[in-house]
Amino acid sequence: MGSAWVIVCVAVVMAEGSVTALSPTTCPPEELTVYRVAMESHWSPRDFPKHYPEWRPPAQWSKLIGLSHDRGFVLFRAGEIADEGIKSFAETGRSDLIDQRAQGENGVLDAFNTPPITEGVGMAESHFFVDGNHSRVSLISKIVPSPDWFVGVDSFELCEDGNWVDNVKIQVDPLDAGTDNGLTFTSPNWPTSPAERIFRITANYPDHPAHSFYYPTLHHLPRIATFTISKMKEYTLSARMETASHTSYDVVKIEDIAYKHFGDEAATSSKSDGERSNDSPDDNRIKVSVMSNSVETDDETETAAELEDEEDEDAELGKKKDLGSITQNRIPSGSAMAVIDDIVKNYQKEQRKKRRKQRRKQRREERRRRRKGLKKIRPPRDCRVSEWSEWSPCSKTCGIGEQTRTRTIMKHARRGGKVCPVLDETTWCGSARACPRNYFNWS
């Protein structure tokens with residue numbers, strides 16, 4: 001396929017909010033392809049001003065959960081009742097039950113996720129594998145806060161007419177899981193009994209005036225999220241390497257792969273197989289083309305020092321495992337699927353490292369934003385004054401006079417706090433009884 005982008009609008013391609021396959025998959029089962037998926041959210045107060053959540057909690061998104069799978073697996077489907085896994089995730093953001101479905105022989109090839117998007121507008125990305133037998137991808141992310149609303153892609157087919165799709169951009173609308181009766185983002189938990197079918201939320205449906213996505217003057221809701229899926233690499237298994245005059249390849253010996261994952265016995269056995277291949281010129285060589293790299297059998301063997309260096313390197317990375325108990329499952333020379341399995345394992349290790357690093361960075365940024373927010377949102381400070389002083393002596397020793405008391409300001413009011421009270425008080429004092437008797441003799 002060419003490098004042109006394919007843009008899919010969910011309102012057209014999906015039936016009531018789910019993206020379905022574009023065409024039957026015809027890609028060979030031995031082809032393994034790596035894709036990058038990026039979720040870009042557009043949930044802003046400018047586009048969605050009604051009930052936009054500013055705090056407790058503010059507008060954000062849960063982690064993105066993704067699965068690559070075969071035709072038989074369904075994560076969710078518009079028009080059908082949500083299972084317990086989707087119900088739990090759409091209402092609480094917990095993915096335990098979905099994670100259980102992704103384990104074992106359930107038609108799932110790769111399970112992946114991204115860190116949450118902590119704002120209404122943001123981006124998160126991850127990588128995943130597909131092959132000819134598992135060429136579909138499903139995605140889901142919860143709108144936070146919300147009763148049971150989410151965005152997602154249902155079983156999108158990445159193999160079209162025997163070729164892997166290069167790039168596709170999918171614009172999605174919010175979906176309602178049909179398990180909660182809430183109409184606004186911060187509605188309390190009101191379970192729907194019996195549960196309704198999953199449906200797509202539009203500007204006019206549900207048509208209740210209190211609904212947070214009800215905009216009767218609009219024909220369509222503004223885009224709230226976009227999924228961009230891009231092909232990164234292709235791994236093709238072939239019985240022989242086609243001659244390519246303009247392509248250079250890095251060669252990795254299969255003995256190294258055997259030793260790295262299955263111990264000394266596998267390396268020795270692979271070496272013996274390589275030596276026997278010198279006597280058999282017709283022996284098949286298995287070669288795996290990985291974009292600009294290849295993995296192929298070779299007659300040369302690694303020295304003990306080189307193998308020891310690899311072992312030390314693995315120990316430094318903390319990835320070395322004790323595989324002495326499974327040396328009987330060594331990679332036989334010429335086992336193409338074992339080579340692909342080795343490639344997949346190494347790639348998944350790198351992806352896990354990247355995800356861990358990304359999560360650490362996300363947590364650091366979140367803590368930094370939280371500290372910054374605490375500095376900005378300082379509470380108001382009221383004025384503080386000292387205690388009253390003692391009353392002053394009366395201004396007159398005979399008759400009615402005045403006496404005062406004062407207090408001082410210790411801290412002035414800040415940021416809208418209470419202003420300072422009066423600082424002086426005056427009261428009457430004295431009495432005519434204190435005057436001498438001749439004081440009132442005016443004759």
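The values are calculated or read from the model by the stated rules, or taken from the named source; none is laboratory data. Computed from a predicted structure; not experimentally measured. When we count neighbours, we look across all protein chains shown, and the Cβ atoms used for this are built from the backbone with ideal geometry, even at glycine. Keep in mind that these areas ignore ligands, DNA and RNA; they rest on the heavy atoms of the full protein, side chains included. Shrake-Rupley method; radii C 1.70, N 1.55, O 1.52, S 1.80 Å.
Things worth noting here:
- When Ala336, Ala432 are screened for being touching a Cys at 6+ places or on another chain (Cβ under 8 Å) and either surrounded by 10 or more Cβ atoms within 10 Å (Cβ to Cβ) or at pLDDT below 80 (or both), only Ala432 passes.
- Long-range neighbours under 7 Å by Cβ, at least six apart or interchain, first residue touching a residue at least 12 places away in the same chain (Cβ under 8 Å) within the range 92-118, second among the small types (Gly, Ala, Ser) and surrounded by fewer than 18 Cβ atoms within 10 Å (Cβ to Cβ): Ala102/Ala111; Gly107/Gly72
- Some residue of the range 66-74 being of a type outside the set (Val, Ile, Thr), farther than 29 Å from Ser212 by Cα, out of contact with any strand residue (DSSP E or B) (no Cβ under 8 Å at 6 or more places or on another chain) and assigned to a loop (DSSP other than H, G, I, E, B): yes
- Residue match in the range 94-111 (condition: modelled with pLDDT of 95 or more, open to solvent by 20 Å² or more (accessible area, probe 1.4 Å) and part of a strand (DSSP E or B)): no
- No other residue among Arg364, Arg384, Arg369 is open to solvent by 100 Å² or more (accessible area, probe 1.4 Å), out of contact with any strand residue (DSSP E or B) (no Cβ under 6 Å at 6 or more places or on another chain) and charged (D, E, K, R) apart from Arg364.
- Within the range 112-148, being over 30 Å from Asp342 (Cβ atoms) and in a strand (DSSP E or B) holds for Ile117, Val121, Gly122, Met123, Ile140, Ser141, Lys142, Ile143, Val144.
- Filtered residue count, the range 145-159, keeping only those that are closer than 25 Å to Tyr214 by Cβ and surrounded by 21 or more Cβ atoms within 10 Å (Cβ to Cβ): 9
- Checked against (1) out of contact with any strand residue (DSSP E or B) (no Cβ under 8 Å at 6 or more places or on another chain); (2) of a type in the set (Gly, Ala, Ser); (3) modelled with pLDDT of 95 or more, Ser141 passes all but a single condition, namely (1).
Conditions tested, residue by residue: (1) surrounded by 15 or more Cβ atoms within 10 Å (Cβ to Cβ); (2) within 16 Å of Ser138 (Cα to Cα); (3) at pLDDT below 95.
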residue	(1), (2), (3)
Asp161	no, no, yes
Ala177	yes, yes, no
Leu183	yes, no, yes
Asn189	no, no, yes
